[in-house]
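The values are calculated or read from the model by the stated rules, or taken from the named source; none is laboratory data. Since this is a predicted model, take the numbers as computed values, not measurements. Cβ: placed from backbone, ideal geometry, glycine included. Neighbour counts: every protein chain shown.
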Amino acid sequence: MRCGEAERRLSDDLDGALSPRRKARLEAHLSSCPACRASRDGLARLQAAAGDPADRSPEYWAGFEGRLEAKISAIESGRDAAAPSPVWRRWAWAALAVSVLAAAGAWFTLARRAPVATEAWIPSGDALIPLIEAAEGDPGLEQDVDRLVRASLEEFGGSLDADAAVLSTADPLFWESVSDDELRAIASELEKESGLGGPK
Amino acid sequence: MDERSEAELVEEARRGGREAFAELVRRHERRIYGVVYRMAGNNSDADDLAQEVFLTAWKAIGSFRSGSSFYTWLYRIAVNASLTFLKKRARERNRTVFDESLGVAGPSRMSPSAPEGSSAADELKARIEEAVGGLPGHFRAAFALVVDQGLSHADAARVLGCSENTVSWRMHKARRILRERLKSFLGEDRS
């Protein structure tokens, strides 16, 4: 090992990043090179003296945390002021959820009796994306939607076949999260099995 | 002492838990302050930067991926905020130099120095602080993470978004520059 490489390896060694094989080679070089040994001693002194550059008092940290908390409070109150109140927001989403469920439920009710045009019952997937996203990020809203969906399904439950009821109960957001294509595929399957519903 | 694990605290904070986030701040504030202090070189700017780091973390914690390392993520925010700050300060200083050349007085540059009557160790620490403050930003970041915070090259590489080899090279270069500047204090001045 030459002195140039030894200097690089000395740095790695101080950081604990040297493999045993390289460390052995470095030690062998140091044992025969006074200049590199002096370098190692200088780097070790530098490392030891660097220490913690920022030593603050407990009072400082208490103040630091208090100021940060105040800034976070300001951000959060700004968010609350900018957004509709949670109660109104939840009612708005709930109303949307109910209308979608009513559309899906109505289709099931009608599908048991007669074929229907696809466009008449497929809800708009895009309109539901904000609801799904909001429910995912808001446990309270998710519970509200869950409760409303279950209540709506129970209301239409008498006209749902057993498989659909189980599927919906297992995943209350199922009908909101399926895409238009998926809905068409489901309708197609229903058409094949029962001769009712599905795209024409 | 809050005994919740860091993962639990992060999950609560992601759901909007302010108290959980406050506990995360208490656990990491000293280390983050250490990094931004090393980068900025003074307490006033370090205080502003540390506040900025935690505010950014609060705003972005929803995008933090569970399963990844929270402290690595925080360090990354700290390093990025510090590098942005250093660029801004360099621009301001260049403008000050330009203003001074036109006869407009600007703020004077301060360098850390040990108080009068301090020990040789304090003097060396102050000189190291000054010398580290003269390193290029990315070298300073590597020094802060590896030497001050004790991160491995692998962890520092994750924070800095580079390879371990790059961290190794930056550390080698940083030490070389520091040794050159601090020769007389390290007892290596053979001239």
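Among the residues making up region B:140-188, those that are assigned to a loop (DSSP other than H, G, I, E, B) and more than 10 Å from chain A (Cβ to nearest Cβ) are B:161, B:162, B:163.
Scan (1) touching a Pro at 6+ places or on another chain (Cβ under 8 Å); (2) under 19 Å from residue B:68 (Cβ atoms); (3) in contact (Cβ under 8 Å) with a residue 24 or more places away in the chain for the single condition residue B:15 breaks and write down its number. With respect to (1) touching a Pro at 6+ places or on another chain (Cβ under 8 Å); (2) under 19 Å from residue B:68 (Cβ atoms); (3) in contact (Cβ under 8 Å) with a residue 24 or more places away in the chain, residue B:15 is out only on (3).
Among the candidates B:154, B:174, B:126, single out the residue that is within 17 Å of residue B:38 (Cβ to Cβ) and modelled with pLDDT of 90 or more.
After ruling out the rest, the residue left standing is B:174.
Residues that are surrounded by fewer than 18 Cβ atoms within 10 Å (Cβ to Cβ), at pLDDT 90 or above and more than 9 Å from chain B (Cβ to nearest Cβ) number at least 3 in the following helices (runs of 4 or more DSSP H) confined to region A:3-60: A:20-31, A:34-50.
Selection of first residues in region B:34-50 that are facing chain A (nearest Cβ under 8 Å) and among the basic types (Lys, Arg) and of second residues that are surrounded by fewer than 23 Cβ atoms within 10 Å (Cβ to Cβ) and in a helix (DSSP H, G or I), restricted to Cβ pairs under 8 Å at least 6 apart or on distinct chains, gives the following pairs, ordered by first then second residue: B:38/B:148.
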